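Below: the structure, in structure tokens.
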Amino acid sequence: MGTQTRYPTSAVNDATVGTRPWLDTPGQFSLQKQVEADDGKHATTSSSLLDNEVTKLLKVGYTFEVPSEATDVSVTFRVQHYEVGSAKIRDAAARLVLGGTVQPEDHSLPGDWPSTAGWAEYAFGGLTPAQVNDSAFGFALAAKKIGTSPDPDFPLTATPFVDVIEAVATW
């Protein structure tokens, strides 16, 4: 039995889900730099989400070195996230990335994101060392604003924030 913990080696917007991009200004506000460590930096959108709006997937990649003879490989992605505003944010999609392709099976968690930094865990099992060690292995997360503002002149606002996405492989 073994365990490895990793932080993202890449982070990009992926349009498989949603329309609102996460901010990514290389050299200034790089997505990878925002989610690679629990350091007070975070990924966010450029402004609050509109009614029922969904972000693009925040797609992050990892580099593992799981022994080739390992069996029963699973990976848990630990996401520290929160929302700010008068409305609520929830998962829109939480998906595994294999070979660079976002997988269709959704692992979104029920419930609203916390209003202060909290952790959520997304577990994926039945993986092989080759899948996990692939340089295009990763995780993708999208957020959505829940509901419609009762008065269009006074919209409820909500902005998603992701501080860190760490991955823990066990076998």
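Quick notes on this structure:
- Total residues in segment 75-100, condition over 17 Å from G126 (Cβ atoms) and either open to solvent by 40 Å² or more (accessible area, probe 1.4 Å) or part of a strand (DSSP E or B) (or both): 15
- Test: D153 is acidic (D, E) and either within 16 Å of the chain's Cα centre (by Cα) or crowded, with 17+ Cβ neighbours inside 10 Å (or both): no
- Test: residue in segment 114-137 that is farther than 22 Å from S48 by Cβ, exposed (fewer than 13 other Cβ atoms within 10 Å of the Cβ) and without any contact (Cβ under 8 Å) to a residue 24 or more places away in the chain: no
- Matching residues, segment 50-82, being among the aliphatic types (A, V, I, L, M) and at pLDDT below 90: L50
- For L109, the conditions (1) part of a loop (DSSP other than H, G, I, E, B); (2) touching a residue at least 24 places away in the same chain (Cβ under 8 Å) all hold with the exception of (2).
- Residue count for segment 138-147 under the criterion of being open to solvent by 20 Å² or more (accessible area, probe 1.4 Å) and either out of contact with any Ser or Thr (no Cβ under 9 Å at 6 or more places or on another chain) or hydrophobic (A, V, I, L, M, F, W, C) (or both): the result is 2.
- Within segment 52-74, the set of residues being surrounded by fewer than 21 Cβ atoms within 10 Å (Cβ to Cβ), of a type in the set (V, I, T) and under 13 Å from V168 (Cα atoms) comprises just one member, T63.
- Subset of segment 21-35 (residues that are open to solvent by 30 Å² or more (accessible area, probe 1.4 Å) and modelled with pLDDT of 65 or more): P21, L23, D24, Q32, K33
- Selection status of I146, closer than 18 Å to T63 by Cα and modelled with pLDDT under 95: no
- Restricting R90, R78, R95 to those that are among the basic types (K, R) and farther than 20 Å from V54 by Cα reduces the list to R78.
The values are calculated or read from the model by the stated rules, or taken from the named source; none is laboratory data. What you see is a predicted model, and the numbers here were worked out from it, not measured in a lab. Neighbour counts run over all protein chains shown; Cβ positions are idealised from the backbone, glycine included. Heavy atoms of the whole protein, side chains included, go into the accessibility calculation; ligands, DNA and RNA do not. Shrake-Rupley method; radii C 1.70, N 1.55, O 1.52, S 1.80 Å.
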